[in-house]
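Accompanying notes for the structure given below.
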Amino acid sequence: MEMNDNPSGERKKQCSDESKCFELLESILDGELQDSGKEVLKEKLAKCQPCFEHYHLEQAIRDVLKTKCTKHAVPTELADRIREKIQDII
Amino acid sequence: MSEVQRRKYSQEEKNAIFDGEFMPHIDSMYNFGYRLTFDEDDAKDLVQDTYLKAYRFINSFEQGTNAKAWLFRILKNSFINEYRKKSKQPAKVDYQEVETYYNSDDVHYQTTSDLRAESVKDMLGDEISNALNSLAVDFRTVIILCDLEGFTYEEMAKILDIPIGTVRSRLHRARNLLKEKLQGYAHNMGYNTDEED
Ligand SMILES: [Zn+2]
């Protein structure tokens with residue numbers, strides 16, 4: 001994180017501690033680090049290319065899982081069947 | 001399931017909890033069951049068993065706590081204890097994958113693929129679903145709980161009866177396996193996966 005690493009505002013090509021950084025980025029994406037993570041995140045994404053790419057790939061994967069996975073409609077009779085069974089055990 | 005009974009609910013209260021806190025999750029429960037078994041009838045049975053158990057043990061549910069996590073835990077246990085046992089399918093699918101990965105909680109986070117965010121975004125729902133479904137059940141489960149259902153690490157630890165550290169490392173491995181599958185699709189589709197080439 002030395003100033004000299006980033007003289008022209010470009011991201012450095014090598015991450016100094018990929019394992020630690022990526023673990024942190026993944027925790028942030030999973031919502032496990034709230035406000036404390038935001039500053040670190042901003043800095044990493046601005047300064048480090050591997051972190052930047054990893055973050056966006058991980059984010060894309062979470063997004064497509066959330067929005068594109070096939071959802072199955074609950075069979076309409078299931079809720080009724082459950083309620084009937086419960087009437088039997090009351 | 002905890003057998004600690006805090007108090008006894010009246011019949012009216014039971015029905016209110018069941019309708020107000022349990023039944024709204026039937027959609028997620030059914031999809032969880034389906035993604036575990038890949039079979040409509042098995043999923044229905046799992047969900048029905050879960051709701052009957054939930055009703056039977058309703059006194060051990062503390063009103064106002066996370067009903068969805070409580071129900072998911074029951075379904076997961078039913079799946080392991082009953083469904084997996086009676087299932088004719090041998091549970092050896094992807095077993096090697098699981099074995100090689102299970103030996104430690106220690107994970108070294110690193111770049112494991114040249115998959116690019118842009119090609120992931122272009123993938124079809126079927127490709128994403130197939131990749132997820134091809135993972136061994138324990139890996140599939142953590143992704144379902146975290147990414148599809150939005151549970152926290154702490155909730156997942158309770159649902160799965162494993163430490164939070166194991167949740168984190170299993171999730172990381174699961175996503176890496178998923179990336180490998182997606183990368184395979186990306187290559188087949190001729191997506192550009194490596195800008196250096
Ligand atoms: Zn970095």
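The values are calculated or read from the model by the stated rules, or taken from the named source; none is laboratory data. On a predicted model such as this, the values are computed, not experimentally measured, just so you know. Note that each Cβ is placed from the backbone with ideal geometry, even for glycine, and that neighbours are counted across all protein chains shown.
Any idea which of (1) at pLDDT 95 or above; (2) surrounded by 18 or more Cβ atoms within 10 Å (Cβ to Cβ); (3) within 16 Å of the ligand (Cβ to nearest atom) is the one A:Cys21 doesn't satisfy?
(1)
Limited to region A:34-69, what total is found for residues that are polar (S, T, N, Q) and without any contact (Cβ under 8 Å) to a residue 24 or more places away in the chain?
First, the residues of region A:34-69 that are polar (S, T, N, Q): A:34, A:36, A:49, A:59, A:67.
Subset that is without any contact (Cβ under 8 Å) to a residue 24 or more places away in the chain: A:34, A:36, A:67.
Of the residues in that region, 3 qualify.
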